[in-house]
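Presented below is the structure to which this report refers.
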Amino acid sequence: MNVSARILTRAASLAGNHDATVEIHDDSRRSTARCQSCGWSKDHGIAYRPRVLEWAQEHADQCTALPG
């Protein structure tokens, strides 16, 4: 699966670390969001991609973890 979207986390904004992201991966059946810093993830069927994007944005707005 390729990255179809990347959202900077709160930590990225505070620390300037642009590796602190939530990535969205899509395939023909699923849309998956995964935080590269803390490991949080959510997925759902591709028809719910807008909801997965919403979850990803909500998580990114609050995540202060930095990648290890």
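Read-outs throughout are calculated quantities, based only on the coordinates presented, and are distinct from any laboratory measurement. Note that the structure is predicted; figures quoted are calculated from it, not measured. Here Cβ is always computed from backbone atoms with ideal geometry, including for glycine, and neighbour counts include all displayed protein chains.
Pick from segment 43-64 the residues that are closer than 14 Å to R29 by Cα and either under 9 Å from the mean Cα position of the chain (by Cα) or hydrophobic (A, V, I, L, M, F, W, C) (or both): which of them is surrounded by the fewest Cβ atoms within 10 Å (Cβ to Cβ)?
Checked segment 43-64; the qualifying residue surrounded by the fewest Cβ atoms within 10 Å (Cβ to Cβ) is A47.
Could you check segment 16-39 and list, in sequence order, the residues that are in a strand (DSSP E or B), over 18 Å from Q62 (Cβ atoms) and not β-branched (V, I, T)?
Looking only at segment 16-39, we keep the residues that are in a strand (DSSP E or B), and these are 21-26, 30-35.
Within this subset, residues satisfying the condition of being over 18 Å from Q62 (Cβ atoms) are 25-26, 30-32.
Hits for segment 16-39 are H25, D26, R30, S31.
Out of all the residues in segment 6-25, is one or more β-branched (V, I, T), surrounded by fewer than 17 Cβ atoms within 10 Å (Cβ to Cβ), out of contact with any His (no Cβ under 6 Å at 6 or more places or on another chain) and in contact (Cβ under 8 Å) with a residue 12 or more places away in the chain? It would help to see each step written out before you state the result.
Taking segment 6-25 and keeping what is β-branched (V, I, T), we get 7, 9, 21-22, 24.
Narrowing the set further to residues that are surrounded by fewer than 17 Cβ atoms within 10 Å (Cβ to Cβ) leaves none.
No, that holds for no residue.
Residue by residue, here is whether (1) of a type in the set (D, E, K, R); (2) touching a strand residue (DSSP E or B) at 6+ places or on another chain (Cβ under 9 Å) holds:
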residue: N2; (1), (2): no, yes
residue: G39; (1), (2): no, no
residue: D43; (1), (2): yes, yes
residue: W55; (1), (2): no, yes
residue: Q62; (1), (2): no, no
residue: L66; (1), (2): no, no
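Give segment 14-42 a look and list any residue that's closer than 17 Å to G68 by Cα and either over 10 Å from the mean Cα position of the chain (by Cα) or of a type in the set (A, V, I, L, M, F, W, C) (or both), or say none.
L14, A15, G16, N17, H18, D19, A20, V22, C35, C38, W40
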